[in-house]
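The values are calculated or read from the model by the stated rules, or taken from the named source; none is laboratory data. Owing to the predicted nature of the structure, the values given are computational and were not obtained by experimental measurement. Cβ placement follows ideal geometry from the backbone for every residue including glycine, while neighbour counts extend to all protein chains displayed. The protein model used for the area step is the full one, side chains on, heavy atoms only, and it has no ligands, DNA or RNA in it. Shrake-Rupley method; radii C 1.70, N 1.55, O 1.52, S 1.80 Å.
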Amino acid sequence: MSILNEGVLKQGPSYVVTYLQEKDIKAIMALQEEVIAALDNKSVLQPLLEEEFKYILKGKGLLIGAWIGEKLIAFRALLVPTIDEEHLGLDVGIEDLSKVIYQEISNVHPDYRGNHLQQKLAAILMDELKKDEHSFEYVCSTVAPFNFPSLKDKLSQGMEIAALKEKYGGCLRYVFVMEIHRKEAVEWKKSQQVSMKNTALQQALLAEGWRGVGMIVDGENSLIDFRKS
């Protein structure tokens with residue numbers, strides 16, 4: 001087992017991060033089931049089928065996991081998407097869709113939340129993407145409005161909201177994008193905070209080239225911080 005990274009959890013036990021393989025599929029599916037069972041609102045997570053995990057594991061992406069001994073406690077996936085009319089690159093104005101990879105599902109066992117495992121696995125995957133053998137230039141992803149943990153996860157990585165539209169058969173989703181090799185920070189000249197409930201205004205701003213770069217949650221009032229260069 002080739003170790004990509006290792007660390008110690010707040011509760012004390014140490015863990016290791018490895019690439020996942022087809023032999024790990026039972027552990028992957030079991031963890032996903034435990035995560036779904038613990039969700040109050042199960043609609044915020046779009047689970048993957050076993051066949052979809054196997055598709056990634058056969059070279060159509062990257063899938064890494066954190067282990068405590070023989071127990072899988074977290075995993076995170078990148079997916080090389082099929083190029084079709086539903087491609088997220090089309091939603092955010094990318095011309096060469098072959099340069100796009102998706103941030104796919106991320107699961108952390110309920111007992112091990114609060115250890116920043118989502119962010120740590122994301123950082124490892126991004127480091128892997130920046131290696132010379134990978135030709136991707138953009139990472140895209142979708143998140144449901146009001147899925148605060150996933151929104152925070154994407155925004156903390158520097159991903160930007162570039163669209164808000166219906167995906168997956170009519171489900172409203174933010175579409176995120178990030179340039180993998182961008183070295184210089186964007187100089188934002190305009191800013192505006194909009195309620196997450198105000199879908200029409202958010203869509204209008206995004207159509208004008210604004211990007212969502214932050215989130216403010218103040219009680220029941222949840223805002224997206226929009227910027228424009």
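For this structure, a couple of remarks:
- For segment 1-111, average projected area of the Cα convex hull in nm²: 8.3
- P(r) weight above 22 Å for segment 66-158, C-alpha pairs, percent: 34
- Distance violations [Cα-Cα > 23 Å] among LYS99/LYS131; LYS120/LYS228; LYS131/LYS228; LYS60/LYS131; LYS26/LYS130; LYS54/LYS152: LYS120/LYS228; LYS131/LYS228; LYS26/LYS130; LYS54/LYS152
- Listed values for segment 92-97 are Karplus-derived 3J(HN,Hα) couplings in whole Hz (6.51 cos²θ - 1.76 cosθ + 1.60, θ = phi - 60°), namely 10, x, 8, 7, 8, 5, and x replaces Gly and Pro.
- Against the empirical curve 2.2 N^0.38 Å, the C-alpha radius of gyration of the chain lands at a ratio of 1.02.
- For the listed peptides 153-163, 82-92, a ranking on the average number of other beta carbons within 10 Å per residue, highest first, reads 153-163, 82-92.
- Report summary: the helix-based calculation at 222 nm, which adds -39500 (n - 2.57) for every DSSP H run with n ≥ 4 and divides by the residues of the chain, gives -7000 deg cm²/dmol.
- Rolling a 1.4 Å probe over the protein heavy atoms of segment 102-229, with every protein chain left in place, gives an accessible area that is 45 percent carbon and sulfur.
- Between LYS58 and GLU22, the contour length at 0.36 nm per residue exceeds the alpha carbon distance by 12.2 nm.
- Within segment 102-118, backbone nitrogen closer than 19 Å to the virtual label 7 Å beyond the Cα of LEU49 toward Cβ: 104-106
- 3J(HN,Hα) along segment 113-129: 5, x, 9, 6, 5, 4, 5, 5, 5, 4, 4, 5, 5, 5, 4, 5, 5 Hz, from the Karplus curve 6.51 cos²θ - 1.76 cosθ + 1.60 with θ = phi - 60°, whole Hz, x for Gly and Pro.
- Extended-chain gain in nm, criterion 0.36 nm per residue less alpha-carbon gap, VAL186 and SER156: 9.2 nm
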